[in-house]
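Here is the structure we will look at, set down as structure tokens.
All of the numbers you see were taken from the coordinates with simple rules; none came from a lab. For clarity, every value in this text was computed on a predicted model and none was experimentally measured. In this analysis, Cβ positions are derived from the backbone assuming ideal geometry, glycine residues included, and neighbour counts consider all displayed protein chains.
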Ligand code: HEC
Ligand SMILES: [Cu+2]
């Protein structure tokens with residue numbers, strides 16, 4: 001009973017927004033079909049081995065029984081089954097690989113760059129311009145998207161299990177993969193190649209949404225900043241502090257390219273690649289001492305007074 005409960009719990013752990021078992025993209029479902037076929041072929045082979053073993057144990061050969069005939073036939077059948085099973089698996093994985101590697105003319109192109117420990121994301125807009133965001137990937141449902149995967153420092157690996165398999169991001173090299181979201185919703189990606197102390201806090205939020213919604217979202221992200229009311233003080237502090245060396249806020253003096261683009265930072269659900277929720281408190285905490293939230297992160301602590309940090313947090317919160 002306890003073993004059963006444990007098995008149910010473990011299976012429940014596979015469910016949800018970060019699971020290769022719940023394919024929500026064409027590439028993930030190709031992989032899932034291959035996985036299922038492998039399970040069937042290997043499962044049947046395993047069952048047969050156990051059956052033969054049990055049969056051998058029960059039916060001991062009597063000393064008088066010297067006929068080898070029935071065993072020969074069984075042996076031939078068994079070897080035939082193994083060969084067929086292997087050929088089937090080789091052909092199936094060849095076909096799956098071919099379909100994953102297909103580079104059909106895709107209408108949309110995006111760039112994802114792995115950094116220690118966050119994701120730079122760029123969208124190719126209709127006019128050929130690139131629009132930059134971070135840590136949140138939006139995909140229109142049902143449309144194949146070509147992802148260009150790069151790395152800025154060390155090797156990372158791009159992995160959104162619900163959508164597709166893993167692919168390494170290697171400095172100096174561009175790897176390409178096509179993903180096609182099939183089901184709308186939020187999914188969670190995770191860097192899948194150990195890349196340093198905060199590797200585990202290098203998560204990627206992925207939203208698959210209807211084309212209209214995606215286009216609206218992209219148009220919003222493309223727009224330069226329009227800071228809200230009453231945050232002029234915070235903006236001034238931000239622009240006179242070191243922040244602008246590393247961060248870009250399009251439409252202002254801040255043009256740094258080291259860290260994430262903050263033009264629409266408050267439209268994201270989390271900060272620092274899924275490490276903390278997007279709240280006033282975590283923004284303020286992050287600005288004062290990012291190392292306390294994400295030890296080792298390449299954003300240095302600031303020497304802003306608590307009042308100034310508060311004002312900067314309020315300013316950033318209006319960047320939607
Ligand atoms: C030396 C470069 C550098 C400086 C200076 C810097 N940052 Fe950062 N910042 C980064 C990097 C790199 C990250 C990504 C860290 C991570 O996720 O591990 C980051 C992340 C952030 C984030 C979270 C963004 C997101 O979407 O996850 C905010 C907000 C932020 N910085 C605000 C500020 C503010 C405000 C200042 C000035 C007080 C500042 N930064 C100064 C490099 C810098
Ligand atoms: Cu990584």
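List of remarks:
- Backbone N under 20 Å from the residue 44 label point (7 Å along Cα→Cβ), restricted to the stretch 72-93: 73-93
- Prolate/oblate/rounded call for the stretch 232-317, Cα gyration tensor, a/c under 1.5 rounded: rounded
- Full extension of the chain between residue 152 and residue 183 yields a length gain of 8.1 nm, computed as 0.36 nm times the residue separation minus the alpha carbon distance.
- Using R0 = 25 Å, the C-beta based FRET efficiency linking residue 97 and residue 143 works out to 0.65.
- Distance from the stretch 70-107 to the stretch 234-299 (C-alpha centre basis), Å: 51 Å
- Just so you know, the Cα atoms of the chain work out to an Rg and Dmax of 26.6, 100 Å.
- Top of 24, 292, 254 by mean-square fluctuation, Gaussian network on the chain, Cα under 10 Å: 292
- Gyration tensor verdict on the stretch 75-233 (Cα atoms; rounded if a/c is under 1.5, prolate if a/b is larger than b/c, oblate otherwise): prolate
- Expected 222 nm ellipticity per residue - DSSP helices of 4 or more, -39500 (n - 2.57), all of the chain, to 500: -13000 deg cm²/dmol
- Principal-axis analysis of the Cα atoms of the chain puts helix 69-100 at an angle of about 20° to the longest axis.
- Relative contact order for the stretch 108-222, counting Cα pairs under 8 Å that sit 6 or more residues apart, in percent: 28 percent
- Inter-label distance, residue 89 to residue 320: 5.4 nm, where each label sits 7 Å from its Cα along the C-beta direction.
- In degrees, nearest ten, helix 306-317 long axis to first principal axis of the chain (Cα): 70 degrees
- Placing R0 at 45 angstrom, the Cβ-Cβ distance between residue 125 and residue 289 gives a FRET efficiency of 0.80 after rounding to 0.05.
- Degrees separating the helix 211-222 axis from the principal Cα axis of the chain, which is the longest one: 40 degrees
- Net length gained if the chain between residue 239 and residue 253 were fully extended (0.36 nm per residue, minus Cα distance): 4.3 nm
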